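The values are calculated or read from the model by the stated rules, or taken from the named source; none is laboratory data. Treat the numbers as computed from the prediction; the structure is a model and nothing was measured. Glycine gets a Cβ as well: all are built from the backbone with ideal geometry, and neighbour counts include every protein chain shown. When the accessible area is computed, the model is the full protein with side chains, heavy atoms only, and any ligands, DNA or RNA have been set aside. Shrake-Rupley method; radii C 1.70, N 1.55, O 1.52, S 1.80 Å.
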Amino acid sequence: MKFTELKLKIRRVSRKGQVMLVSILTLGAVMIGVTAVSGLLVVYQIRISSDITNSAKAIFASDAGIDWALYQVLKPTSTAAKPIFSNGARFDVICKNSSGNQVQCADRSVSSIKSNGFYGAISRAFELNL
């Protein structure tokens, strides 16, 4: 075997090693990418599941706002103050008459009540048409 033939054989063997190395590095990069994406999706799922609790608190605050406004409509002489929740939730109530103008909830001309409930960064709303 001549020296040049031996040299060509060594080059072919080393190229096969390079292809194997590049293949393993590519597969490793793909696996790391898939793992990173699946980890990100799990983080989003965990965040959504914790927001469900906050969303329920905002919904119940909004419902309490509707109840409070209805009490104001049905008992206009009442001096019931807006409730303060111990969990930090709150609500805002907007009462409108039939022409769409905003009025006091104790007014007899109330035709719709919209209550927005808030907890943290979450807000939920209910609207009641009378």
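Worth a mention:
- Condition met for Val73 (surrounded by 15 or more Cβ atoms within 10 Å (Cβ to Cβ) and either in contact with a strand residue (DSSP E or B) (Cβ under 7 Å, 6 or more places away or on another chain) or over 20 Å from Ile113 (Cα atoms) (or both)): yes
- Candidates are the residues of region 100-121 that are modelled with pLDDT under 90 and within 26 Å of the chain's Cα centre (by Cα); the one that is least open to solvent (accessible area, probe 1.4 Å) is Gly120.
- Note on region 84-99: among residues that are out of contact with any helix residue (DSSP H, G or I) (no Cβ under 7 Å at 6 or more places or on another chain) and more than 15 Å from Leu70 (Cα to Cα), the one that is surrounded by the fewest Cβ atoms within 10 Å (Cβ to Cβ) is Ser86.
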